[in-house]
1. So, restricting to helices (runs of 4 or more DSSP H) that lie completely within region 274-346, which ones have at least 3 residues that are of a type outside the set (S, T, N, Q), at pLDDT 95 or above and open to solvent by less than 40 Å² (accessible area, probe 1.4 Å)?
2. So for region 169-186 (the condition being open to solvent by less than 10 Å² (accessible area, probe 1.4 Å) and touching an Asp or Glu at 6+ places or on another chain (Cβ under 6 Å)), does at least one residue qualify?
3. Sort out which residues of region 160-198 are among the hydrophobic types (A, V, I, L, M, F, W, C) and within 18 Å of residue 62 (Cα to Cα), and write them in order of number.
4. Which numbered condition in (1) modelled with pLDDT under 95; (2) assigned to a helix (DSSP H, G or I); (3) open to solvent by 20 Å² or more (accessible area, probe 1.4 Å) is the only one that residue 236 fails?
5. Count, please, the residues in region 369-380 that happen to be surrounded by fewer than 21 Cβ atoms within 10 Å (Cβ to Cβ) and assigned to a helix (DSSP H, G or I).
6. Give me the residue from region 239-273 that is basic (Lys, Arg) and buried (at least 18 other Cβ atoms within 10 Å of the Cβ) and, out of that set, nearest to residue 301 (Cα to Cα).
7. Take residue 442 and decide whether it is open to solvent by less than 40 Å² (accessible area, probe 1.4 Å) and aliphatic (A, V, I, L, M).
Amino acid sequence: MSRNESSVQSAYVAEAATDVAHVRWGCGVPALTPRWFTPRDVTDYLFLFALFTLPVDGTVLGVYQPFWTPISPWLFALYALCNPRPLRRAAHRYAPFMVLPVVLVYLSAPGWAAFGFHPNAVLMSLSGVIAVPLTIAALEIALVYKQLDWRWMIRTILAAYWFAFAVGVFQWLAIRLDLSDVEGYFGHLMYRSYLTPDSPWAGSGLRPQFLFAEPSYIGMHLFGVLLPLSWMMRDRDSVYRKQLEWLIVVFAAGSVVMGAGTRIVLDCLVALAVIIVIHNRWHDAAQRRRGIWQLLGTFAATVVCFIANSRLSAIINDGAEGDGSFFARIYQSLGPLCGLVERPWTLLTGFGAGNINAATQIGSNMATWLLGVTGTSADNMNAASGWYQSMNPDTIWTMSVYTSFITEYGAIGLVQFLIIALRFITSQHMWTKRTVCWLVLVVYLYIQFEGYCLVAIPLLIWALTHEHQ
């Protein structure tokens, strides 16, 4: 830690916690010793609520974003804004991330001039981008400036995700027992319901979705949020680490048993490989042999899953068209990417915030042609073409953060974010095996998730800038 960083943190401690004893959050971040939550002021309840609503991202109570309706990002942002003095200090420390939304607005200007400005779509996009640095700031304010008890936070997160899992079990029982009233209740509660027969989203069969916008988002939460938290607990509290690990195992196994989705199977296999790499010392011969056997076992399990799972085996046998959901993810990204090719200058600055639909409409003919060239059936080509034409700026989605971000902000925007994140982490943190694996896991998870403001990225950035190993 540099002398400047040390003085800033000392100022935080002096101003926020002069009357309490301290223990360390670990490797640079202090925390409090009280057993129960003691708020510094009333705004800390916003942080409490934000933690509890982490798994609630698919209900009609949330704020609409492309294909999900989260609550917690806006509570984190509000919490940061309600604490202006520590926010200024957090903004100073994380200045590159605070400035990034402004850069993206400038990058959007050419696209807005060429393809139009759609207020609702622009608000959805930029609010998601702005929520990232504000969530980082919220973590900094709560854990460093105010030094709220981290153990209380872990307990809250555990309670929230156990509650979400219980909701999923209740939904599964309602499906199995044909409890139409219960299915109807969740049909009204969830923005896109997978539990009611008349829902267009239940095409592959009724299934529990917990409190998530999509059953496929299970892995985002288990391996983008809970698994990293368990890693953070490894050298801090073995009890909470084990509780988080049990929650992950039960949630993942329960999701598979209840038939909640296919992506969770793939996510579990990828996460297992990452965990094996992390928890073996590869320079030790005995552990290296053990790790190799574990990876071979994971590969064998992958083969079995592709054979046993009907949707995965259909993809192997029939290609992308073997599974409608998988095929949709391909053509949903193909449209806007073809738009970038049709207007080459947009590869640099993008179509502008909120203009994914413009890129999709421009690229729809090329996308449909490419689908035909690759042997796609006429029915599926018509389905893709019809989907392109049915979208508008407020309803379009891609299901991939990379497609969305480069379409809106171009290669300059994407490279700028990567440079800022990697350089900032490098300046604050020594790269380790776990750091690289964490980063690889997050990169993988966002291939099929486009929500800019999920806490996974802010948690990664904040945690790695406070861990010195």
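The values are calculated or read from the model by the stated rules, or taken from the named source; none is laboratory data. Not measured: the values here are computed from a predicted model. Using ideal geometry, Cβ is built from the backbone for each residue, glycine included, and neighbour counts are taken over all protein chains shown. Just so you know, the surface numbers come from the protein's heavy atoms only, side chains and all, with ligands and any DNA or RNA stripped out. Shrake-Rupley method; radii C 1.70, N 1.55, O 1.52, S 1.80 Å.
1. Details: elements: 285-308, 310-318, 324-342.
Hits in region 274-346: 324-342.
2. Yes: region 169-186 contains one or more residues that are open to solvent by less than 10 Å² (accessible area, probe 1.4 Å) and touching an Asp or Glu at 6+ places or on another chain (Cβ under 6 Å).
3. Applying the first criterion (among the hydrophobic types (A, V, I, L, M, F, W, C)) to region 160-198 yields 160, 162-167, 169-170, 172-175, 177, 179, 182, 186, 189-190, 195.
Once the filter is applied, which keeps residues that are among the hydrophobic types (A, V, I, L, M, F, W, C) and within 18 Å of residue 62 (Cα to Cα), region 160-198 yields 160, 163, 164, 167, 186, 189, 190.
4. (2)
5. 7
6. First pass over region 239-273, keeping only residues basic (Lys, Arg): 241-242, 263.
If we keep only those that are buried (at least 18 other Cβ atoms within 10 Å of the Cβ) as well, we get 241, 263.
Numbers: 241: 26, 263: 15 Å.
If we take residues in region 239-273 being basic (Lys, Arg) and buried (at least 18 other Cβ atoms within 10 Å of the Cβ), then 263 is nearest to residue 301 (Cα to Cα).
7. Details: open to solvent by less than 40 Å² (accessible area, probe 1.4 Å): yes; aliphatic (A, V, I, L, M): yes.
Yes: the conditions hold for residue 442.
Yes/no per residue for (1) hydrophobic (A, V, I, L, M, F, W, C); (2) at pLDDT 95 or above:
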{"residue": "66", "(1), (2)": "no, no"}
{"residue": "74", "(1), (2)": "yes, yes"}
{"residue": "80", "(1), (2)": "yes, yes"}
{"residue": "93", "(1), (2)": "no, no"}
{"residue": "96", "(1), (2)": "no, no"}
{"residue": "111", "(1), (2)": "no, yes"}
{"residue": "118", "(1), (2)": "no, yes"}
{"residue": "121", "(1), (2)": "yes, yes"}
